[in-house]
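To start, the structure under review is shown below, and the notes come after it.
The values are calculated or read from the model by the stated rules, or taken from the named source; none is laboratory data. Source: prediction; values computed, not measured. Every residue, glycine as well, gets a Cβ built from its backbone with ideal geometry; the counts of neighbours run over all protein chains shown. The area values use the complete protein model at the heavy-atom level, side chains included, leaving out ligands, DNA and RNA. Shrake-Rupley method; radii C 1.70, N 1.55, O 1.52, S 1.80 Å.
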Amino acid sequence: MTQSADEGFTTRQVHAGSDARAARPRALPIYMTAGFPFDGFDDAAAHFDQGDGFGYTRTGNPTVDAVERKIASLEGGAQALLVASGQAAVTVVLLGLVSAGEHIVCATHIYEGTRGLILDNLARLNIEVDFVDDVNDVAEWESKIRPTTRVLFAESIANARNDLLDIASIARVADGHGIPLVVDNTFATPYLLRPIEHGAAIVVHSASKFLAGQGSVLGGVIIDDGRFDAVRSGALYPHLTGTGRLGGSSLAERHGGLARIAYLRETVAPRLGPTPSPLNAFLVGQGLETLSLRVQRQSENALIVAEWLSTRPEVASVDYVGLPSHPHHALAGRYLARGNGSVFTFTLRGGIDEARSFVEALRVITHMTHLGDVRSLILHPGTTSHVRRTPEEREAHGVLPGTLRLSIGIEDSADLIADLSRGLDASHPPLETVEAVREESGALDVVVAA
Ligand SMILES: *Cc1c(COP(=O)(O)O)cnc(C)c1O
């Protein structure tokens, strides 16, 4: 639109110069716009009828679309749906698969936000759940499936024990019942592990973590394998195979194997509204361009750190699947050929006082609740992420008073070890130091007596 000089000041301030010249940028353009003008009357109708083209950013945006196609490719899925956070991704996928009166079977050891969503929010919608304690126990999964079960849910690598899911085995259980296994692959990333290649039907991520990678934005993504089978599973998901509220053909008729993700894209995400900002989508896409480089370096650093910690007398245990001492280490040989990830816990001898002194002495590793950042991060799960669990549950999850969670970044590993040494010196001061302090304060007899 070219404005003419005789238009008013306010009209020109809105419209003049809005016809950006066409160019072909090398970087992904950020379509920072709420909507898109229609080319013609019929285009508007076609958009509303068949979803052709872009109309409004809540239902589609070219920047978001490009990032979705990149993630679908990296995960080996058919299509991806980007949303505003990992929490939104889990919410959208579960509400797209499960109705009131139906049932979820879920691993016990999962992200607290997911557990809370199921136990507090979905419970109020009369969606039921059973939890599986031993994530690789096929018989336990089988025994908890009911006729109303519509999804199995687990994480590829779970906090805090670093459990590694035997995806192929659990996917077979799901498949036997015609229902999808949904895997939260946040900790592993598609560079290390692609659950769809092992039989999972759907993958979700908190893109806020490794995918974006620099701790600047939140995002979430759902990736579908595109293999929804309406003949086998149609009766379980009538919203995918029945005619819609206004009649016409079903999603399965229109989208075939993509019916599930089409439903999430058309009917769940835009209605609930967790739309990603195009700027955030751009930043996730930018992060993805260096995913393999970061995750490889982070995994290498994590192994160095985990091995070092496991040799230290102040450390009672290190729960890292990359160490031969981990119960799922053999499984890692099968699923994690490129590295073992970089988020894990270790437990200090002593308890909460030692954990506090350790954390407070660190200078390189940041104390915060996040993970998958280029910066190394630390958190005390017992008083933060796992505070809503009972002490018995915490112990079963490997969260003791002296347990700390690390998310290892890309820093020089020698600096990370030096920082962790600093932490150990503070949490477990050598006896001579204790004596020197006490001598200075005139309490020598106490030390001698002890
Ligand atoms: C952080 C996280 C989530 C939630 O993602 P947000 O982006 O914070 O909403 C879900 N699952 C796992 C495993 C996570 O680490």
statement: Taking the stretch 159-202 and keeping residues under 13 Å from the mean Cα position of the chain (by Cα) and at pLDDT below 95 leaves 159
field: For residue 416: the one exception among (1) assigned to a helix (DSSP H, G or I); (2) more than 22 Å from the chain's Cα centre (by Cα); (3) over 22 Å from residue 212 (Cβ atoms)
entry: (3)
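Is it fair to say residue 166 is among the acidic types (Asp, Glu) and touching a helix residue (DSSP H, G or I) at 6+ places or on another chain (Cβ under 9 Å)?
yes
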- line: Those residues of the stretch 347-377 which are open to solvent by less than 20 Å² (accessible area, probe 1.4 Å) and within 15 Å of the ligand (Cβ to nearest atom) amount to 371, 372, 373, 377
message: With the structure loaded, tell me whether residue 446 is modelled with pLDDT under 95, on the phi < 0 side of the Ramachandran plot and outside the structural domain of residue 310 (by TED's automatic domain parsing) or whether it fails that test.
response: yes
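Residue-wise test of (1) of a type outside the set (A, V, I, L, M, F, W, C); (2) within 16 Å of the ligand (Cβ to nearest atom); (3) surrounded by 15 or more Cβ atoms within 10 Å (Cβ to Cβ).
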| residue | (1), (2), (3) |
| --- | --- |
| 8 | yes, no, no |
| 12 | yes, no, no |
| 31 | yes, no, yes |
| 45 | no, no, no |
| 50 | yes, no, no |
| 92 | no, yes, yes |
| 110 | no, yes, yes |
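Looking at the structure I just gave you, is residue 327 at pLDDT 95 or above, in the same structural domain as residue 147 (by TED's automatic domain parsing) and outside any helix (DSSP H, G or I)? Full working, then the answer.
Details: at pLDDT 95 or above: yes; in the same structural domain as residue 147 (by TED's automatic domain parsing): no; outside any helix (DSSP H, G or I): yes.
It is false that residue 327 is at pLDDT 95 or above, in the same structural domain as residue 147 (by TED's automatic domain parsing) and outside any helix (DSSP H, G or I).
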- prompt: Could you count how many residues in the stretch 206-249 are in contact with a strand residue (DSSP E or B) (Cβ under 9 Å, 6 or more places away or on another chain) and over 26 Å from residue 184 (Cβ atoms)?
  reply: 0
- line: Scanning the stretch 230-251 for residues that are open to solvent by 40 Å² or more (accessible area, probe 1.4 Å) and among the hydroxyl-bearing types (Ser, Thr, Tyr), the one nearest to residue 100 (Cα to Cα) turns out to be 241
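Restrict the check to the stretch 77-89 and report whether at least one residue is out of contact with any Pro (no Cβ under 8 Å at 6 or more places or on another chain), away from the ligand (no atom under 16 Å from the Cβ) and free of Cβ contacts under 8 Å to residues at least 60 places away in the same chain. Step through it out loud before you land on a result.
Applying the first criterion (out of contact with any Pro (no Cβ under 8 Å at 6 or more places or on another chain)) to the stretch 77-89 yields 77-81, 86-87, 89.
Add one more test, that the residue is away from the ligand (no atom under 16 Å from the Cβ), and what stays is 77-79.
Right, trim to free of Cβ contacts under 8 Å to residues at least 60 places away in the same chain and you get none.
No, the conditions are met nowhere in the stretch 77-89.
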task: Please give the number of the condition residue 340 fails out of (1) open to solvent by 20 Å² or more (accessible area, probe 1.4 Å); (2) over 21 Å from the mean Cα position of the chain (by Cα).
output: (2)
message: Please go through (1) open to solvent by less than 30 Å² (accessible area, probe 1.4 Å); (2) part of a helix (DSSP H, G or I); (3) among the hydrophobic types (A, V, I, L, M, F, W, C) for residue 105 and return the number of the only condition it doesn't satisfy.
response: (2)
Boolean, residue 120 is assigned to a strand (DSSP E or B) and among the acidic types (Asp, Glu): no
- request: Quickly run through the stretch 64-82 and pick out the residues that are among the polar types (S, T, N, Q) and in a helix (DSSP H, G or I).
  value: 73
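Inside the stretch 112-126, can you point out the residues that are without any contact (Cβ under 8 Å) to a residue 60 or more places away in the chain and open to solvent by 10 Å² or more (accessible area, probe 1.4 Å)? Reasoning before the result, please.
Let us first name the residues in the stretch 112-126 that are without any contact (Cβ under 8 Å) to a residue 60 or more places away in the chain, namely 113, 115, 117-126.
Passing the criteria: 113, 115, 117, 119, 120, 121, 123, 124, 125, 126.
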- request: Mind telling me which of the residues 302, 281, 306 ends up being among the small types (Gly, Ala, Ser), under 30 Å from residue 431 (Cβ atoms) and not in a loop (DSSP other than H, G, I, E, B)?
  value: 306
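Count, please, the residues in the stretch 331-355 that happen to be in a loop (DSSP other than H, G, I, E, B), closer than 26 Å to residue 213 by Cβ and not charged (D, E, K, R).
The initial filter retains those residues of the stretch 331-355 that are in a loop (DSSP other than H, G, I, E, B), namely 336-342, 349-351.
This time we only want the ones that are closer than 26 Å to residue 213 by Cβ, so: 336-342.
Narrowing the set further to residues that are not charged (D, E, K, R) leaves 336-337, 339-342.
Residues in the stretch 331-355 being in a loop (DSSP other than H, G, I, E, B), closer than 26 Å to residue 213 by Cβ and not charged (D, E, K, R): 6 in total.
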query: Which members of the stretch 53-96 meet the condition of being in contact with a Phe, Trp or Tyr (Cβ under 7 Å, 6 or more places away or on another chain) and β-branched (Val, Ile, Thr)?
result: 63
message: Which of the numbered conditions does residue 81 fail, given that it passes all the others? Conditions: (1) farther than 30 Å from residue 288 by Cα; (2) surrounded by 22 or more Cβ atoms within 10 Å (Cβ to Cβ); (3) touching an Asp or Glu at 6+ places or on another chain (Cβ under 8 Å).
response: (1)
